[in-house]
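Working notes, structure below.
The values are calculated or read from the model by the stated rules, or taken from the named source; none is laboratory data. What you see is a predicted model; the values in this text were computed from it and never measured. Every residue, glycine as well, gets a Cβ built from its backbone with ideal geometry; the counts of neighbours run over all protein chains shown. Each accessible area value is taken on the protein alone, full model and side chains, heavy atoms only, with ligands, DNA and RNA left out. Shrake-Rupley method; radii C 1.70, N 1.55, O 1.52, S 1.80 Å.
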Amino acid sequence: LDEIRLLRHPERRTMLRAMGLERFNANKLKPYLKMSEQRFGILTSKKTNLIKTHKREIAELLRTGKEEKARIRVEALIRMDFTIEAYELLALLCELVFERVALIASEKECPGDMREALSTLVWAAQRTEVPELKEVATQIEFKYGKDFVEAARTGTEECVNTRVAHKLSVAPPSAQLVLSYLEAIAKEYAIDWTPSETGLSAEALATQAMPGPTGFSIDVAPGSNLAGAYSTAVPSAAAPTAPVAQVVGIDNGAHGAVVGIAPTGAPPATQDALPKAPPVAPTAPPAGKQPPPVAPPGGGADDDDGHPGAPGAAASSDQQQGGPPAAAAPPPSGGTSTDIHDLIPPAPTTAAATAPPAGAPARNDDGDAAAAAQGGGGTSNIGSDYDALAKRFASLKK
């Protein structure tokens, strides 16, 4: 009755254990041993059914060429086989202790023939899925003390059953055992399978675990089934790139500015390597004609009264005398002109501007054209248009 009350109130039981008031009870040990034995039988039956399912899955993997995955799955199968083997042995030990409870209760010290069985049950209590076995280990601790239980849990006195210790260890199975399981499954399911090379010697196969997967059993392009595309791989050609020009310098020759362009990757050109404009032979003016004066940049020729003339007026007057049109003066070397007149192209020369109109007065002594004095015709109109264009450019520049 007291035991039932303690089971209904586990906190009281914990308190009694903490105070050291709970003692060994053979009547409590026997039912826990019997329940542990039955629990081992249930777990063994469950794992046996799982092994049958695993064997079919592994056989299908071998049939489809998934050997690396089959190796991993067969390790789990071997682990379940080991566990079942250990559980069956532990069930036998539980039955042995159950039959000798009276001997254990009568002896103050552990009998020699029962030491391995009791130590193995204590060692396996923390490594199995049987909660009842933990209660068996607790009763053994009440009987023989903490030192006995601690030695059994750590295995320092080598009193644990070696077979149970090996089957419940966490070490992976050897590579030779894995291959033997795979060969047995392939033979049972009539699968024509030959194990692949593992890279281990005969001695290493028996002592070492199976190496990790390298991916040799994985197909190329498994989703699209286009593995043939990888057998004739076409090397990818680099896309052509357009050459980038590089400005290497400017040379002010007789015909104006000449820009040097070098292709990409070429060494930088020096000033001496720049292209030069061909020299122009000077031409003599026609007989009886003076060379036309060159107007300064940005303005026309001044008249004799000191007033600046319209841009291009001097050139227009010379053209009226029959002289050749004056060439535009090149910008001064070493810089860029900022005058708006330098940026405006010269006024177009027309036939009407080149030849004086019929009945036009002759050029006076002061160098002014009669058409310019009369106003409203000839080059005066061109000059006024030129000034208007210059003002527009000036406003745009602002």
>> Ordering E95, E197 by accessible area with a probe of 1.4 Å, largest first, what comes out?
In response: E197, E95
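How high is the FRET efficiency between A204 and E99 when r is their beta carbon distance and R₀ equals 41 Å, given to the nearest 0.05? Provide the component values of the computation, followed by the final result.
On the way: r = 45 Å, r/R0 = 1.10.
In this case the efficiency is close to 0.35.
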> Accessible area of H166, 1.4 Å probe, to the nearest 10 Å²?
Replying inline: 100
> When ranked by the protection proxy of mean other Cβ atoms within 10 Å per residue, highest first, what sequence do the peptides 222-229, 167-174, 208-215 form?
Replying inline: 167-174, 208-215, 222-229
>> Over 24 Å between Cα atoms: which of K34/K167; K30/K143; K46/K167; K28/K143; K46/K143; K30/K134 fall into that group?
In response: K46/K143
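What FRET efficiency, computed as 1/(1 + (r/R0)^6) with R0 = 41 Å and r the Cβ-Cβ distance, is obtained for E158 and N49, rounded to the nearest 0.05?
My answer for the efficiency is 0.70.
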>> For the ranges 82-89, 45-52, 183-190, what's the packing order if you count other beta-carbon atoms within 10 Å of each residue, average per peptide, and put the highest first?
In response: 82-89, 183-190, 45-52
> Carbon and sulfur atoms: what percent of the 1.4 Å accessible area of the stretch 48-122 do they account for?
Replying inline: 53
> So for the pair E107, E150, with labels modelled 7 Å out along Cα→Cβ, what separation do we get in nm?
Replying inline: 2.3
>> What is the sum of charges, Lys and Arg at +1 and Asp and Glu at -1, for the other residues whose Cβ falls under 13 Å from the Cβ of S106?
In response: +1
> For the pair A184 and I218, how long in nm is the line joining their label points, each one 7 Å along Cα→Cβ?
Replying inline: 3.1
